[in-house]
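Working notes, structure below.
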Amino acid sequence: MNITLPDGSVRDLKPGSTGQDLANDIGPGLAKAAIAVSVNGIQKDLSDPINEDSEVSIITLDSEDGLEIMRHTLTAQVLARAVQNLYPGTKLAIGPTIKDGFYYDFEFKKPISPDDLERIEKEMAKIINSKSSITKKLYSKKDAIAVFKSKKETYKELIIEESDQSDDFQLYYQDDNEFVDLCRGPHLPSLKHIGSFKLTKLAGAYWKGDSKNKMLTRIYGTAWKNDKDLNAYLHSLEEAEKRDHRKLGKEMSLFHFQEEAPGMVFWHPNGWTIYRLLEDFIREKLSDYGYQEIRTPQVVDRKLWEASGHWDKYRENMFITEIDEEHANEKRTNALKPMNCPCHVQVYNQGLKSYRDLPLRFAEFGSCHRYEASGTMHGLMRVRGFTQDDGHIFCTEEQIESETKLFIELLSNIYKDLGFDSFDIKLSTRPEVRVGSDEVWDKAEQALESAIKKLDLPYTLEEGDGAFYGPKLDFVLTDAIGREWQCGTFQADFNLPERLEAEYVGEDGKKHIPVMIHRAVLGSFERFIGVLIENYSGKLPFWLAPVQVVVASITSDVDDYAEKVALALEEKGIRCSLDLRNEKISYKVREHSSTKTPVIMALGKREQESNSVSVRRIGSNNNESISLEQALKDLSIENSKRH
RNA sequence: GCUCAUAUAGCUCAGCGGUAGAGCACUUGCUUGGUAAGUAAGAGGUCACCGGUUCAAGUCCGGUUAUGAGCUCCA
């Protein structure tokens, strides 16, 4: 049979030859490095026979695929075996690979602590040292279940039982031990191929990801080809930690949280400056795109929430308020608004609307409160009190597509100015439980999809992930350590307008129900600022920096000149602070650099005599001497460019 | 909400049964120094909160609250 290699060359091998035979045939170096093969795009064990003409590539640890196989073997064959050696009776659940590493879920008889990880690592090293070969056997469903039943591996049994496969269950063995694990493979042919690894953390995880199920213990780890790669990865994690907005928020004095108001931000002057600048920026953009800004109440009677359906479906997330009985002369229950939409419909409903009024775009920087589960809070990214750059578009079904297109343009435009050149779009389609006819869903899903396609943007489809009231687009940004955060959103809604009796008079003179589109670009100011800080590592662009320039005197003789320069900057609308402290200039430079001030102007006798300034930019070790006049001109221009 | 962990000075952390510690920051003195830490002294803590064990509790145990990492859920 003919085997075609990735470089196009063809080798003639006997049918039934294995990947290892092929590697041997190519050369001794590869024969040693080979860990698996890809046959016609499907990964196979090196020991699997190849029976017909195929395109085959040999996988080694030099490829991402190879690393993944190694991580897989490490978790399923080494970590799992080590844990069972040390803690007999521990049940195995699942152990997949993830980005840069792997995890394994166990049910321990007694809980273990993070200190145990070191012990497990040592046991793993011992197992790897045995350099055992790994072999696999195929079992029928019945036999496979019997194997795991005898070992009391209830989770494995369940996995096999629930599988629709009837035979060829792959069980992997090591040659020096009776350890066995079910696996779809492929695995390393031998433990000698394992590179460098480290167990990183211990956490709970629900069986099958369902919070109704039992919580298992998950051990996370990372693995690389060698120590060098492992250390580089660990170092990159440390670097990412330095960008954490919670850390930078403290260092730059942007905001804080405290026990009395969990999940609610205390904005400091510096942080609030960023917030306001961002709000002004968005306000201008919205106005350019035909939105009218409104403002609606924070505390609203439960009657409205009952009408909107929130009281039924969302109450566990709402802060409910009651008026002190002693003082209230009316008894009513209110809720802090968790969303702005019902209030926006109230504004829409004032006065009769004609089809000529549509699309009608309302915007509100709406302050919302949601009682989030305690474990979900995360710095600015997930809070209980936040402000959305919310907006609702009332339009006809026919207008959905053009509104989608217009919105994505607005969003891309804003994201680009704020330093995000790329973002992920997720299109979520109809869920099983939903309102509205299939025809309307068809139309809405098509409208959303066709708008993204016309803009030639990549997107991923999340089938069945839409809201019960309509399909949606989510716009996702990534934080310093790779966690994804949904920021922008665009959701068509066929439900709420009807519930809250929104109408318009159509061309036909009859009343119709408009479609309502919920949309936000930033999502929430809080989250977006968190992502923004991490994306810039705190080094915000000039226009967004809370303090744009620090004017620092080198000796006290030039304090007067420094004051003059600061005043001139302020007159140009530049936010500056004056540092006349009795400290050396290098001390001042260090301090202002660490708080990420974009520009430091160090002023000494030379500058005073020539009416100039020395400009030092954040991130640069150089400084440039220019005339004060030129500096004022340059910085004013820079300040007016908002990107 | 669940699992595990953590909570000591403004910040970062050490101390883990026997009179509260360090570095930085802060205040004051000396120093006027040219681009990432000049120098000396001083001040600063009900060791998150509530209870228990003990002659004695930051230190051991239990609970509460908050925070962190995951899981679940979401902007």
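Rounded to the nearest 10 degrees, what's the angle between the helix A:116-129 long axis and the longest principal axis of chain A, both from Cα atoms, 0 to 90? Taking Cα atoms only, the helix is inclined about 40 degrees. Basic side chains Lys and Arg get +1 at the Cβ, acidic Asp and Glu get -1 at the Cβ, and with that the dipole of chain A about its Cα centre reaches some 1500 debye. Using C-alpha pairs below 8 Å separated by at least 6 residues, the relative contact order for the stretch A:1-140 is 17 percent.
Taking GluC sites (Glu not before Pro) across the stretch A:115-202, the ones in a DSSP loop with at most 14 further Cβ atoms lying within 10 angstrom of their Cβ are A:178.
Counting charges near residue A:528 (Lys, Arg +1; Asp, Glu -1) among other residues having Cβ under 12 Å from its Cβ returns a value of -4. Amide H to amide H distances under 5 Å link residue A:47 with no residue, where only residues 5 or more positions off or on other chains count and H is placed in the peptide plane.
Loop-located trypsin sites (Lys or Arg not before Pro) in the stretch A:20-101 (DSSP state other than H, G, I, E, B) with a sparse environment of at most 15 neighbouring Cβ atoms within 10 Å: A:99.
Label zone (residue A:625, point 7 Å along Cα-to-C-beta; backbone nitrogen cut-off 13 Å) within the stretch A:576-602: A:602.
Is the shape of the stretch A:346-401 rounded, prolate or oblate, going by the alpha carbon gyration tensor and its root eigenvalues a ≥ b ≥ c, with a/c under 1.5 for rounded and a/b larger than b/c for prolate?
Prolate shape, in that a/c is at least 1.5 and a/b is the bigger ratio.
For residue A:572, the lysines whose Cα falls under 23 Å of its own Cα, not counting residues fewer than eight places away in the same chain, are A:539, A:564, A:596, A:633, A:641.
For the stretch A:234-389, the number of Lys pairs with C-alpha atoms closer than 19 Å, counting only pairs eight or more positions apart or on separate chains, is 5. Extension gain for residue A:198-residue A:9 works out to 64.1 nm (0.36 nm per residue, less the C-alpha to C-alpha distance). Kindly state, to the nearest 0.05, the FRET efficiency for residue A:453 paired with residue A:582, given R0 = 51 Å and r defined as their beta-carbon distance. Using R0 = 51 Å, I get an efficiency of 0.20. Sequence-distant contacts, meaning Cα pairs under 8 Å at least 6 residues apart, place the relative contact order of the stretch A:362-468 at 28 percent. Structural descriptor for chain A: relative contact order 9 percent, calculated from alpha carbon pairs under 8 angstrom and at least 6 residues apart. Projected onto planes of every orientation and averaged, the convex hull of the alpha-carbon atoms in chain A covers 40.3 nm².
Would you work out if the stretch A:101-202 is rounded, prolate or oblate? Take a ≥ b ≥ c from the square roots of the eigenvalues of the alpha-carbon gyration tensor; rounded if a/c is under 1.5, else prolate when a/b is larger than b/c, oblate otherwise.
Taking the square roots of the gyration eigenvalues as a ≥ b ≥ c, the stretch A:101-202 is oblate.
The ranking of A:339, A:516 from fewest to most other beta carbons within 10 Å of each one's beta carbon is A:339, A:516. Cross-link candidates for residue A:192: which aspartates and glutamates have Cα within less than 18 Å, leaving aside residues fewer than 8 places away along the same chain? Qualifying aspartates and glutamates at Cα under 18 Å: A:45, A:62, A:65, A:68, A:121, A:123, A:175, A:176, A:227, A:229.
With the simple spin-label model, which puts each label point 7 Å out from Cα in the Cβ direction, the residue A:260 to residue A:641 separation comes to 4.5 nm.
Determine the shape class of the stretch A:307-427: with a ≥ b ≥ c the square roots of the Cα gyration tensor eigenvalues, call it rounded for a/c under 1.5, and otherwise prolate if a/b is greater than b/c, oblate otherwise. Oblate is the answer for the stretch A:307-427, as a/c is 1.5 or above yet b/c matches or exceeds a/b. One chain, two ends: residue A:125 and residue A:55. Fully extended at 0.36 nm per residue, the span grows by 21.6 nm beyond their Cα-Cα distance. Among A:289, A:172, the order by Cβ neighbours within 10 angstrom, fewest to most, reads A:289, A:172. Taken along the Cα-to-beta-carbon direction at a fixed 7 Å, the label points for residue A:413 and residue A:446 span 2.9 nm. Provide the FRET efficiency to the nearest 0.05 for the residue A:140-residue A:575 pair, computing r from the beta carbons and using R0 = 60 Å. For R0 = 60 Å, the calculated efficiency reads 0.25.
The loop-placed trypsin sites (Lys or Arg not before Pro) in the stretch A:326-412, going by DSSP, that have at most 16 neighbouring Cβ atoms within 10 Å of their Cβ come out as A:331, A:332.
So if we plug the beta-carbon distance of residue A:611 and residue A:476 into 1/(1 + (r/R0)^6) with R0 = 56 Å, what FRET efficiency do we get, rounded to 0.05?
0.65
Rule-based calculations on the coordinates, nothing more; no lab input. Everything numeric in this text was worked out from a predicted model, so none of it was measured. Glycine also receives a Cβ, built like all others from the backbone with ideal geometry; neighbour counts cover every protein chain displayed.
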